[in-house]
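Trainee: Let me give you the structure first, and then I'll get to my questions.
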Amino acid sequence: MKHTLLLLACLALVVPLATADGPANPTTSSWPQWRGPLATGASPDADPPLRWSESENVRWKVPIPGRGHASPIVWEDRVFLLAAVPVEAATEGETSAPPAERRYSVAPAGPIRFTVIALDRGTGETVWQRVAREETPHEGTHTDGTWASASAVTDGEVLIAHFGSRGLYAYSLDGELLWSKDLGDMQTRRGFGEGSSPALTGDLVLVNWDHEGDSFIVALDKATGDEVWRRERDEITSWATPIVVESAGREQVIVSATGRVRGYAVGTGELLWEAGGQTVNVIPSPVYGNGLVYAASGFRGSALQAIRLADARGDLTGTPAVIWSHDRDTPYVPSLLLYGEQIYFLKVNTGILTSLDAATGETRFGPERLPGVDGVYASPVAAAGRVYILGRNGNTLVLRHGPELDIMAQNSLDDDFSASPALAGDELFLRGHRYLYCLTEVAGER
């Protein structure tokens, strides 16, 4: 998958319906899905801390069982995490990948408990924990990835936990299993693993299933797990998470992949439009705002396209509906951040940052090398006029949102980080490889 692929996947009312002006009725006080209430990486009303350390502005810090790059999601008084917990303490085994790829892929050493965890938002204490499934995965994952890299999603009624080939599970927010669905086994490119998160809108759960076999996108009934529609996709493995938007009164699910970026009618699965132009191994999820869809990828090439949905009919490749494009320094693993009138993105998996005008594609600043964050898998997030960029080494840069690079603070924690941050209220949630942190301004520590 990517060089670290899924790792990251290392990534509303969920996938909040976006209109030309933004999502419709998003639950902004929570972070209910991968990339937040607007599905853009930004929160319109959060006010997380500017500074923190192991001894400053830490409300709580709790150890996390097993491994997982699934980002935390937040709903009211709960924080939800997914984890892959080995049944026995064991090292990972040899991969079945071709010899040339073995340095990037690793096989499981034994059975894993695919685990859903609900934490108290105020204290970090475990409220409930459920093992969705226990078994040995059928194939490996990237050496930088995990078997729990897809993030959960909730609309306040159900919690959807997606473990890919290990199944899709719907829980009540109190931990009652409502239904489960097995969609089969993926065969991922070079055994690099899985990581696309599900989307949730209205009565439907949407899952993208791009792999080296028969790829498809499927819609399931939120209440029962029954299949509502399925559409075949001519795609190889991708790891991008679908987004749901509404444009000109039409609700559609948009999926980015190697062959094409495509929009489907949410209710029926009808293909509405498609556009070529991405690179191989697509991991970044698309974002949407002000009538434009932005899709990016950055493995063995660079691609960023801005597509006007009002003009999206049929094949858009090479048409004016693609209003601008950018062909350098785009991300491999981290997704784009759309904040205000700017797009922010990192080069491949590095701390080299570029910001463009979202309407025109003109450069605001960059590429600029950020100090202290050489490796980045987490997607950038933003709130309160600030942009947060989390490095794998535990360093986070806080930037002032605007047309120039302006570093406001640099913070450090004693953990490694691949999952993307979550913002809700005055709190910042960071999932490390060992701990989950809840960071907030603590009285007297400003």
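Trainee: Of these, SER302, SER256, SER325, which one is out of contact with any helix residue (DSSP H, G or I) (no Cβ under 9 Å at 6 or more places or on another chain), farther than 21 Å from ARG364 by Cβ and of a type in the set (Ser, Thr, Tyr)?
Mentor: Numbers: SER302 fails: farther than 21 Å from ARG364 by Cβ; SER325 fails: farther than 21 Å from ARG364 by Cβ.
Selected residue: SER256, the only one of SER302, SER256, SER325 that is out of contact with any helix residue (DSSP H, G or I) (no Cβ under 9 Å at 6 or more places or on another chain), farther than 21 Å from ARG364 by Cβ and of a type in the set (Ser, Thr, Tyr).
Trainee: Turning to a different aspect of this structure: Within the set of pairs 6+ apart or on separate chains, which have a first residue in segment 103-115 that is surrounded by fewer than 18 Cβ atoms within 10 Å (Cβ to Cβ), a second that is of a type in the set (A, V, I, L, M), and C-beta atoms under 6 Å apart?
Mentor: Qualifying pairs under 6 Å: ALA109/ALA90; GLY110/ALA90; PRO111/VAL87.
Trainee: Something else: Return the total of residues in segment 191-206 being touching a strand residue (DSSP E or B) at 6+ places or on another chain (Cβ under 7 Å) and under 18 Å from HIS69 (Cβ atoms). Give the steps one after another, and end with the answer.
Mentor: Within segment 191-206, the subset touching a strand residue (DSSP E or B) at 6+ places or on another chain (Cβ under 7 Å) is 191-193, 196-201, 203-206.
Then keep just the ones that are under 18 Å from HIS69 (Cβ atoms); that gives 191-193, 196-198.
Number satisfying all stated conditions: 6.
Trainee: Got at least one residue in segment 299-309 being crowded, with 24+ Cβ neighbours inside 10 Å, part of a loop (DSSP other than H, G, I, E, B) and in contact with a Ser or Thr (Cβ under 6 Å, 6 or more places away or on another chain)?
Mentor: no
Trainee: I'm trying to understand the selection: among the residues of segment 249-259, which are surrounded by fewer than 21 Cβ atoms within 10 Å (Cβ to Cβ) and in a strand (DSSP E or B)?
Mentor: ARG250, GLU251
Trainee: Go through segment 260-281 and give me each residue that's outside any loop (DSSP other than H, G, I, E, B) and within 18 Å of TRP324 (Cβ to Cβ).
Mentor: First, pick out the residues of segment 260-281 that are outside any loop (DSSP other than H, G, I, E, B): 261-265, 271-275, 280.
Within segment 260-281, VAL261, TRP273, ALA275 qualify.
Trainee: Inspect segment 351-373 for any residue being assigned to a loop (DSSP other than H, G, I, E, B), touching a His at 6+ places or on another chain (Cβ under 6 Å), of a type outside the set (D, E, K, R) and crowded, with 16+ Cβ neighbours inside 10 Å and give the result as yes or no.
Mentor: So in segment 351-373, the residues assigned to a loop (DSSP other than H, G, I, E, B) come out as 351, 358-362, 370-373.
In the following step, the residues that additionally are touching a His at 6+ places or on another chain (Cβ under 6 Å) were identified as 361.
The next check asks that each one be of a type outside the set (D, E, K, R); those that pass are 361.
Then drop every residue that is not crowded, with 16+ Cβ neighbours inside 10 Å, which leaves 361.
Yes, there is a match, as at least one residue in segment 351-373 is assigned to a loop (DSSP other than H, G, I, E, B), touching a His at 6+ places or on another chain (Cβ under 6 Å), of a type outside the set (D, E, K, R) and crowded, with 16+ Cβ neighbours inside 10 Å.
Trainee: Can you tell me which residues in segment 217-248 are in a loop (DSSP other than H, G, I, E, B), within 20 Å of PRO286 (Cα to Cα) and not charged (D, E, K, R)? Full working, then the answer.
Mentor: At the first step, the residues of segment 217-248 found to be in a loop (DSSP other than H, G, I, E, B) are 222-226, 234-242, 248.
Pick out the ones that are also within 20 Å of PRO286 (Cα to Cα) and you get 234-242, 248.
Across segment 217-248, the qualifying residues are ILE236, THR237, SER238, TRP239, ALA240, THR241, PRO242, ALA248.
Trainee: Another one. May I ask you to list pairs of residues, at least six apart or on different chains, whose Cβ atoms are under 6 Å apart, with the first in segment 391-418 being on the phi > 0 side of the Ramachandran plot and the second being in a loop (DSSP other than H, G, I, E, B) and surrounded by 14 or more Cβ atoms within 10 Å (Cβ to Cβ)?
Mentor: Qualifying pairs under 6 Å: GLY394/LEU413; GLY394/ASP415.
Trainee: Condition first: closer than 26 Å to TYR435 by Cβ, among the β-branched types (Val, Ile, Thr), over 23 Å from the mean Cα position of the chain (by Cα) and at pLDDT 95 or above. Can you find one or more residues in segment 124-135 that meet it? Steps first, answer last, please.
Mentor: Going residue by residue through segment 124-135, those that are closer than 26 Å to TYR435 by Cβ are 124-134.
Next, from what is left, pick out any that are among the β-branched types (Val, Ile, Thr): 126-127, 131.
Now restrict to residues that are over 23 Å from the mean Cα position of the chain (by Cα): 126-127.
With the extra rule that they be at pLDDT 95 or above, the set shrinks to 126-127.
Yes, that holds for at least one residue.
Trainee: Also, quick follow-up: Looking at segment 135-156 only, could you name the residues that are of a type in the set (A, V, I, L, M, F, W, C) and part of a loop (DSSP other than H, G, I, E, B)?
Mentor: Once the filter is applied, which keeps residues that are of a type in the set (A, V, I, L, M, F, W, C) and part of a loop (DSSP other than H, G, I, E, B), segment 135-156 yields TRP147, ALA148, ALA150, ALA152.
Trainee: Something else about it: Is there a residue in segment 414-422 that is touching a Ser or Thr at 6+ places or on another chain (Cβ under 6 Å), surrounded by 16 or more Cβ atoms within 10 Å (Cβ to Cβ) and in a loop (DSSP other than H, G, I, E, B)?
Mentor: Yes; the residues of segment 414-422 include at least one that is touching a Ser or Thr at 6+ places or on another chain (Cβ under 6 Å), surrounded by 16 or more Cβ atoms within 10 Å (Cβ to Cβ) and in a loop (DSSP other than H, G, I, E, B).
Trainee: Still on this model: For segment 282-298, give me each residue that is of a type in the set (S, T, N, Q) and in a loop (DSSP other than H, G, I, E, B).
Mentor: Of all residues in segment 282-298, those of a type in the set (S, T, N, Q) come to 285, 290, 297.
Answer for segment 282-298, where residues must be of a type in the set (S, T, N, Q) and in a loop (DSSP other than H, G, I, E, B): SER285, ASN290.
The values are calculated or read from the model by the stated rules, or taken from the named source; none is laboratory data. Values in this document were obtained by computation on a predicted structure and should not be read as measured data. Positions of Cβ are backbone-derived with ideal geometry, glycine not excepted, and every protein chain shown enters the neighbour counts.
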